[in-house]
Amino acid sequence: KVVAVIMVGGPTKGTRFRPLSFNTPKPLFPLAGQPMVNHPISACKKIPNLAQIFLIGFYEEREFALYVSSISKELKVPVRYLKEDKPHGSAGGLYYFRNLITEELPSHIFLLNCDVCCNFPLPEMLVAHRRYGGMGTLLVIKVSAESANQFGELVADPVTKELLHYTEKPETFVSDLINCGVYVFTPEIFSAIQDVSLNREDRATLPHFSSFEALQLATRSLPTDFVRLDQDILSPLAGKKKLYTYETMDFWEQIKTPAMSLKCSALYLAQFQYTTAHLLASRDGTKNATIVGDVYIHPSAKVHSTAKIGPNVSISANVRVAAGARLISCIILDDVEIKENAVVMHAIVGWKSSIGKWSRVQAEGDYNSKLGITILGEAVTVEDEVVVINSIVLPNKTLNLSVQEEIIL
Ligand code: GDD
């Protein structure tokens with residue numbers, strides 16, 4: 001049997017995702033019309049002999065209750081949300097629930113970060129992992145040398161694929177091969193995490209320190225049950241014939257900001273063509289709106305036949321798009337109203353917002369700059385003929401004047 005664990009983190013971690021994380025946990029934010037975490041969960045379905053999927057985080061249980069029960073039914077695989085009482089780190093969280101995770105004596109455990117976007121080649125990783133015969137296999141990818149320092153940089157043996165060296169977000173360049181945050185382990189991972197924990201306990205109680213020094217050391221170092229997968233496990237175990245790498249040549253992105261969620265929504269919509277084409281809006285309906293490129297429209301949304309939508313547009317439940325509206329590269333969240341002849345381009349429009357007639361909500365679409373996309377928080381009203389460019393608008397604001405490059409608090 002195999003189990004999968006998805007690390008979803010918690011509310012304090014999502015600050016870069018504001019204002020969209022105010023009342024929806026980031027893992028449930030929709031990309032291509034599905035909650036972010038749905039994409040790795042659907043990928044898990046392809047793992048042979050998958051017994052269970054666990055989501056581990058420190059969000060309140062009730063925030064995930066509905067999602068977890070509906071996705072369990074849909075996939076016919078039990079999906080459970082496990083809440084940590086406090087953050088234990090990416091490896092500590094796994095260890096904290098070791099008894100539940102190993103209950104069915106799995107031979108392998110997949111571990112996935114929830115904030116990455118890729119095609120999750122999980123069965124392929126498992127095959128490679130069995131061939132290598134180590135404790136763990138990491139999904140890795142080559143990125144540009146300039147962007148590598150945002151990730152774990154690593155060196156792998158070109159022939160055996162063994163992980164030889166690992167540094168988390170280094171200050172000086174190590175390698176353009178980076179850690180994708182997707183792993184498969186044997187249950188030996190639990191003893192490796194335990195060793196880190198025990199080691200810390202020993203250090204805190206070393207007898208040759210005076211009690212003052214011991215106290216200083218203990219407070220300066222991390223709590224014994226806080227273990228980071230990257231720094232505390234991957235770095236020390238590199239070059240010990242325990243960890244191996246599987247390189248993907250397909251797409252991969254990390255989703256830390258709303259702008260990146262817009263980019264990743266496009267990547268998942270493009271992937272739907274090969275996996276779930278029925279989810280894409282059809283381009284040939286005569287009485288429907290004009291559809292350009294990859295578009296998702298929730299069945300409950302009402303889009304006028306003279307509107308033009310796409311590419312990269314995702315429209316959530318109960319949205320109304322009026323006559324003559326033009327939508328390009330945007331995520332429109334639940335219950336939004338877009339009135340006649342409005343234009344939305346390179347933007348995310350928050351739940352229950354309303355965009356007036358002949359208004360424009362737009363940006364130039366640079367995913368790497370702070371105001372590269374325009375974001376309207378929940379229940380923002382843009383009045384008729386108002387233009388909002390490269391701006392972030394916090395929830396419950398009404399805009400009756402045009403703004404450019406502003407953060408409206
Ligand atoms: N449950 C739980 N508890 N989840 C956590 C905790 C915790 O205490 N801490 C982090 N996570 C989750 C986050 O939500 C995220 O999904 C994942 O664990 C990794 O988060 P971080 O530890 O903050 O690392 P990162 O995202 O900056 O970088 C990691 O992922 C990159 C790939 O996206 C590193 O492993 C990098 O090396 C890697 O390149």
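The values are calculated or read from the model by the stated rules, or taken from the named source; none is laboratory data. From a predicted model like this one, the values you see are computed outputs, not experimental measurements. Cβ coordinates were reconstructed from backbone atoms using ideal geometry, including for glycine residues, and neighbour counts include every protein chain displayed. Remember, those area values only see protein heavy atoms, side chains included, never the ligands or the DNA or RNA. Shrake-Rupley method; radii C 1.70, N 1.55, O 1.52, S 1.80 Å.
Leaving ligands, DNA and RNA out of it, report the carbon-plus-sulfur percent of the accessible area of the stretch 1-111 at a 1.4 Å probe.
52
Restricting the calculation to Cα positions, tell me the Rg (one decimal) and the Dmax (whole number) of the stretch 118-166 in Å.
So, for the stretch 118-166, Rg and Dmax equal 12.0, 33 Å respectively.
At 222 nm, what value in deg cm²/dmol follows for the chain if DSSP H runs of at least 4 each add -39500 (n - 2.57) and the sum is divided by all its residues, to the nearest 500?
Helices in the chain give a 222 nm mean residue ellipticity of -6500 deg cm²/dmol.
In sequence order, what are the phi-derived ³J(HN,Hα) couplings for the stretch 78-83 according to the Karplus relation 6.51 cos²θ - 1.76 cosθ + 1.60 with θ = phi - 60°, rounded to whole Hz, with x for glycine and proline?
x, 10, 10, 9, 10, 9
Using amide H atoms built 1.01 Å from N in the peptide plane, name the residues 5+ places from VAL303, or on other chains, whose amide H lies under 5 Å from its own.
Close amide H contacts, sequence-distant or interchain: VAL321.
Share of antiparallel DSSP beta bridges in the chain, in percent to the nearest 5?
Antiparallel: roughly 25 percent of the beta bridges in the chain.
So which chymotrypsin sites (Phe, Trp or Tyr not before Pro) in the stretch 17-81 pass both tests, a DSSP loop state and at most 16 other Cβ atoms within 10 Å of the Cβ?
Those satisfying the criteria are PHE22.
Given a cut-off of 18 Å, name the pairs among LYS46/LYS73; LYS302/LYS339; LYS45/LYS76; LYS1/LYS86; LYS161/LYS240 whose C-alpha atoms lie farther apart than that in the structure shown.
Pairs exceeding the cut-off: LYS1/LYS86.
Relative to the longest principal axis of the C-alpha atoms of the chain, give the angle of the C-alpha long axis of helix 258-275, reported between 0 and 90° and rounded to the nearest 10°.
The answer is roughly 90 degrees.
How many percent of all Cα-Cα pairs in the chain sit more than 40 Å apart?
23
Identify the GluC sites (Glu not before Pro) of the stretch 117-168 meeting these criteria: DSSP loop state and at most 16 other C-beta atoms within 10 Å of the C-beta.
GLU146
Could you pull out every residue, at least 5 positions away or on a different chain, whose amide H is within less than 5 Å of the one on HIS88? Hs are placed 1.01 Å off N in the peptide plane, and Pro or chain starts have none.
HN-HN under 5 Å from HIS88: GLY93.
If you line up the long axis of helix 61-75 against the longest principal axis of the chain, both from Cα atoms, how many degrees apart are they, to the nearest 10?
Approximately 80 degrees, to the nearest 10.
Can you give me the long-range amide H partners of THR381? Hydrogens built in the peptide plane at 1.01 Å from N, cutoff under 5 Å, separation of 5 or more residues or another chain.
SER354, LYS397, THR398, LEU399
Among the aspartates and glutamates, which fall within straight-line cross-link reach of LYS370, defined as a Cα-Cα distance under 15 Å, with same-chain neighbours fewer than 8 residues apart omitted?
GLU405, GLU406
Would you mind checking the tilt of helix 188-204 against the longest principal axis of the Cα atoms of the chain, expressed as 0 to 90 degrees and rounded to 10?
So the helix axis and the longest Cα principal axis differ by about 70 degrees.
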